[in-house]
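Trainee: One structure coming up, written as C-alpha cells, with questions to follow.
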Amino acid sequence: MAASSRAQVLRLYRALLRESQRFSGYNYRTYAIRRIRDAFRENKNIADSEKIEELLNKAKANLEVIQRQV
C-alpha cells in the first residue's frame, strides 16, 4: 500500500471513531466503534488497490451516515 493511501486510510479510521464517539446512546456508540474496528482489522491485509479504493469509498459513505445520525 502506498504511503498516501495508508495515511488516507488512517485518517478515515480516526474520523469514523471520532464521529462514533458522538452517539448519545451507549449501545449505539459501542456497536459503531466495534463494527469500525472489526471492519478495519478484517481488511488490513488487502493489497489490491482497486479493492482498497472500493472499501475507502464505502467507509466514506458510512462516515457521512454517522455524521447525519449524530
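Rule-based calculations on the coordinates, nothing more; no lab input. All values derive from a computational prediction rather than experimental measurement. Don't worry about glycine lacking a Cβ; one is built from the backbone with ideal geometry, like all the others, and counts go over all protein chains shown.
Trainee: Please give the calculated 222 nm ellipticity per residue for the chain, where each DSSP H segment of at least 4 residues contributes -39500 (n - 2.57) and the sum is spread over every residue; nearest 500 deg cm²/dmol? Present the calculation step by step, with values, prior to reporting the outcome.
Mentor: Numbers: 3 runs with 56 residues, N = 70.
Dividing the helical sum by the residues of the chain leaves -27000 deg cm²/dmol.
Trainee: Strictly greater than 15 Å: what percent of every Cα pair in segment 2-68 meets that?
Mentor: Values: 1126 of 2211 pairs.
The proportion of pairs with Cα distances above 15 Å equals 51 percent.
Trainee: Where in the chain are there trypsin sites (Lys or Arg not before Pro) that are in a DSSP coil and have at most 14 other Cβ atoms within 10 angstrom of their Cβ? Please list the in-between numbers first.
Mentor: Details: sites: Arg6, Arg11, Arg14, Arg18, Arg22, Arg29, Arg34, Arg35, Arg37, Arg41, Lys44, Lys51, Lys58, Lys60, Arg68; in loops: Arg22, Lys44.
Those that pass, being in a loop and sparsely packed, are Arg22, Lys44.
Trainee: Another one. Work through the residues other than Gln8 whose Cβ is under 12 Å from its Cβ and net out their charges, Lys, Arg +1 and Asp, Glu -1.
Mentor: Numbers: positive: Arg6, Arg11, Arg14, Lys60; negative: Glu53.
Surrounding charge for Gln8 is +3.
Trainee: Please list, in order along segment 56-70, the HN-Hα scalar couplings obtained from phi with the Karplus expression 6.51 cos²θ - 1.76 cosθ + 1.60 (θ = phi - 60°), rounded to whole Hz, x for Gly and Pro.
Mentor: In residue order, the calculated couplings are 5, 5, 5, 5, 5, 5, 5, 4, 5, 5, 4, 4, 6, 7, 9 Hz.
Trainee: What are the ³J(HN,Hα) values, in whole Hz, obtained from phi via the Karplus relation 6.51 cos²θ - 1.76 cosθ + 1.60 with θ = phi - 60°, for each residue of segment 21-37 in sequence order, with x given for Gly and Pro?
Mentor: Going residue by residue, I get 5, 7, 4, 6, x, 4, 5, 4, 4, 5, 5, 4, 5, 4, 5, 5, 4 Hz, with x marking Gly and Pro.
Trainee: List, in order, the whole-Hz ³J(HN,Hα) value for each residue of segment 8-20 obtained from phi through the Karplus relation with A = 6.51, B = -1.76, C = 1.60 and θ = phi - 60°; use x for Gly and Pro.
Mentor: 5, 5, 5, 4, 5, 4, 5, 5, 4, 5, 4, 5, 5
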